[in-house]
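Quick notes on the structure that follows.
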Amino acid sequence: GIQVEQSPPDLILQEGANSTLRCNFSDSVNNLQWFHQNPWGQLINLFYIPSGTKQNGRLSATTVATERYSLLYISSSQTTDSGVYFCAVGSNTGNQFYFGTGTSLTVIP
Amino acid sequence: NAGVTQTPKFQVLKTGQSMTLQCAQDMNHEYMSWYRQDPGMGLRLIHYSVGAGITDQGEVPNGYNVSRSTTEDFPLRLLSAAPSQTSVYFCASSLTTHRRDTQYFGPGTRLTVL
């Protein structure tokens, strides 16, 4: 299967700070998604971004498929951004989906 | 739309017992899947289905069975529960298999096997 590595594993920010989360993957993909798991365990899709750049409010994401990485940017962080951010990819061959181990973000007031 | 629903929310089993985790979606999605999430690890795919009557194994299928008799439902069966199956289980669905764009997740089932 595809190996998905996320960094950093843990991140603590002061409210208002910016951050960049990284996702590296080991093979070509036809699907890449970023998810936020809130403190209650619910997984919410943030971006579907197999290539290119997208923005949604204070969040944006960029995937460089040829170099096999994706970045998630969080600007002006808020306490509600706390939780675990997962990157997940789908293989070009087959129908499986592979998750990274996540970045745990804590935003302090 | 209710989205993806899972029942039960919590379950405690004894070793050797069997049970079925229920998953349903009302979005007419082709693709459905089951994951388990263990502490310090990401989600790992157990089984998936690309349509009614079609299922396949993921990364960690041992000890689990699935079936997909309708588009809406995708139950996960634990045949003989083991403590190693203590985990949080998530069901997910997406519209198509070809692009698998946005995946929608259920709220999860927290399972403890004693």
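The values are calculated or read from the model by the stated rules, or taken from the named source; none is laboratory data. Predicted, not measured: the structure shown is a model, and the values here were computed from it. Please note: Cβ atoms are built from the backbone with ideal geometry, for glycine as well, and neighbour counts cover all protein chains shown.
Overview of results
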| item | result |
| --- | --- |
| Single match in A:Q42, A:Q6 (criterion: surrounded by fewer than 18 Cβ atoms within 10 Å (Cβ to Cβ), within 11 Å of chain B (Cβ to nearest Cβ) and either free of Cβ contacts under 8 Å to residues at least 60 places away in the same chain or farther than 21 Å from A:P109 by Cβ (or both)) | A:Q42 |
| Residues being more than 9 Å from chain B (Cβ to nearest Cβ) and closer than 16 Å to B:G42 by Cβ - total across segment A:26-37 | 5 |
| Count - residues of segment A:62-96 that are modelled with pLDDT of 95 or more, of a type outside the set (D, E, K, R) and in a loop (DSSP other than H, G, I, E, B) | 5 |
| Matching residues in segment B:59-114 - criterion: being closer than 22 Å to A:S91 by Cα, within 13 Å of chain A (Cβ to nearest Cβ), part of a loop (DSSP other than H, G, I, E, B) and not hydroxyl-bearing (S, T, Y) | B:E59, B:V60, B:P61, B:L95, B:H98, B:R99, B:R100, B:D101, B:Q103 |
| Selection from segment A:9-25 of residues that are outside any strand (DSSP E or B) and either surrounded by 14 or more Cβ atoms within 10 Å (Cβ to Cβ) or within 14 Å of chain B (Cβ to nearest Cβ) (or both) | A:P9, A:A17 |
| Conditions (1) surrounded by fewer than 17 Cβ atoms within 10 Å (Cβ to Cβ); (2) touching a residue at least 12 places away in the same chain (Cβ under 8 Å); (3) within 10 Å of chain B (Cβ to nearest Cβ): number failed by A:Q78 | (3) |
| Scope segment A:81-109; condition farther than 12 Å from A:N31 by Cα, under 12 Å from the mean Cα position of the chain (by Cα), more than 10 Å from every other protein chain (Cβ to nearest Cβ) and not small (G, A, S); matching residues | A:Y85, A:T103, A:L105 |
| Residue identified as charged (D, E, K, R) and touching a residue at least 40 places away in the same chain (Cβ under 8 Å) among B:D73, B:D56 | B:D73 |
